[in-house]
Structures are given as structure tokens and as C-alpha cells.
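Worksheet: one structure, shown below.
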Amino acid sequence: APDFTLESVNGAGKAGISAWKGKVIVVDFWATWCEPCKKSFPKLQELSTKYKASGLEIVGVSEDDDDSGIKEFGATYGAKFPLVWDKDKSVAGKWKPASMPGSFIVDRKGVVRFVHSGFHPGDEVELDKEIKSLL
């Protein structure tokens, strides 16, 4: 997984691959204009709550052109996990998400094991299964 560490915009501290070495990480690329992201955020928060104590970390990487609205979007859709702003799109440039949202599940050794493009109701079941297999 390409490394990055960014300060969250929602007061959740630093987030990223090297910041969470040895943990299972979901890197979720999203934007405030993304309609499916409104449905995925509550489900990602449920997974965070369920597995955080077992070693899961989730980071939402915003691909918005400016950072206004990122914190509010997270609050509106229930995200307590760190939200970071990819100001110059350098993180997305390395990860190359195919869509918004684009989620990557990284194992404890820092290897991307699963990739999801978009979000549809029910996708959280597959995410849950994949995360559980790595914890």
C-alpha cells in the first residue's frame, strides 16, 4: 500500500499507513458531492465501532477541491473515524481509486488485500467478511 500520513480535519489525529503500522486499515476515498458516500459512511462507522478494539482503523480520504464541508459531511453521516483532505490529490494519485467511494482494505503487513469500487446497500456484508478475515 502506498504510504501516507495526514492530519485529520475532524479532530481525530493523524491517520495513514505508517501511523497505523500493524493494524488492518480501510482507506476510503470519497468526496462531499458523492451520493453513495452518504450511504457508505454510516456502514463504515458501524465496522469501525465493531472492530476497532480488534485492530481495525478506517480513514476517509477526501478528494474535494477544498476542505470546506468535509468535517460537516462526516458529522452529518456519522463518521467518527479520521477524515483527511488530499489537498493536492497526491494520495489518490498513488492509490488510483476507480470510483467514489473507492475502498482499499490493507492487511497488518501493509499489503492491499481487497478493493471496492462504489458502494451499494449490502456491500458492508462483504466488507465485514474481508475485514474479519484479516484481523
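The values are calculated or read from the model by the stated rules, or taken from the named source; none is laboratory data. Note that the structure is a prediction, hence the values are computed from the model and not measured. Cβ atoms come from the backbone with ideal geometry, glycine included; neighbour counts cover every protein chain shown. Protein only, heavy atoms only, side chains kept; ligands, DNA and RNA dropped before computing areas. Shrake-Rupley method; radii C 1.70, N 1.55, O 1.52, S 1.80 Å.
Points worth noting:
- Cα lying deepest toward the dipole's positive end in segment 77-134, options Phe114, Ile131, Gly93, charges on Cβ: Gly93
- Eligible lysines near Lys52 by straight Cα distance, threshold 19 Å, same-chain separation 8 or greater: Lys14, Lys21, Lys23, Lys43, Lys80, Lys109, Lys129, Lys132
- Carbon/sulfur fraction of accessible area - the chain, other protein chains in place, 1.4 Å, %: 54
- Label separation (Lys96 vs His120): 2.4 nm, computed from points 7 Å beyond Cα along the C-beta direction.
- Computed from backbone phi with θ = phi - 60° and the Karplus coefficients 6.51, -1.76 and 1.60, the 3J(HN,Hα) list for segment 4-15 is 6, 9, 10, 7, 6, 8, 10, x, 9, x, 6, 9 Hz; x is used for glycine and proline.
- Built amide H within the under 5 Å cut-off of Ser99, gap 5+: Gly118
- Cross-link partners for Lys87 among the aspartates and glutamates, with Cα-Cα distance under 18 Å and sequence neighbours closer than 8 places in the same chain left out: Asp3, Glu7, Asp28, Glu63, Asp64, Asp65, Asp66, Asp67, Glu72.
- Antiparallel DSSP beta bridges within the chain, percent to nearest 5: 55
- Karplus-based coupling profile of segment 28-33, in residue order and whole Hz: 10, 8, 8, 7, 5, 8, with θ = phi - 60° in 6.51 cos²θ - 1.76 cosθ + 1.60 and x standing for Gly or Pro.
- Descending by average beta-carbon neighbour count within 10 Å, the peptides 103-109, 5-11 line up as 103-109, 5-11, the highest first.
- Highest-MSF residue in the chain out of Val27, Val61, Val115 [GNM, Cα springs under 10 Å]: Val115
- Segment 1-75 - charge dipole about Cα centre, Lys and Arg +1 at Cβ, Asp and Glu -1, debye rounded to 20: 560
- Per residue, segment 32-135 exposes 52 Å² of solvent-accessible protein surface, assessed with a 1.4 angstrom probe and all protein chains in place.
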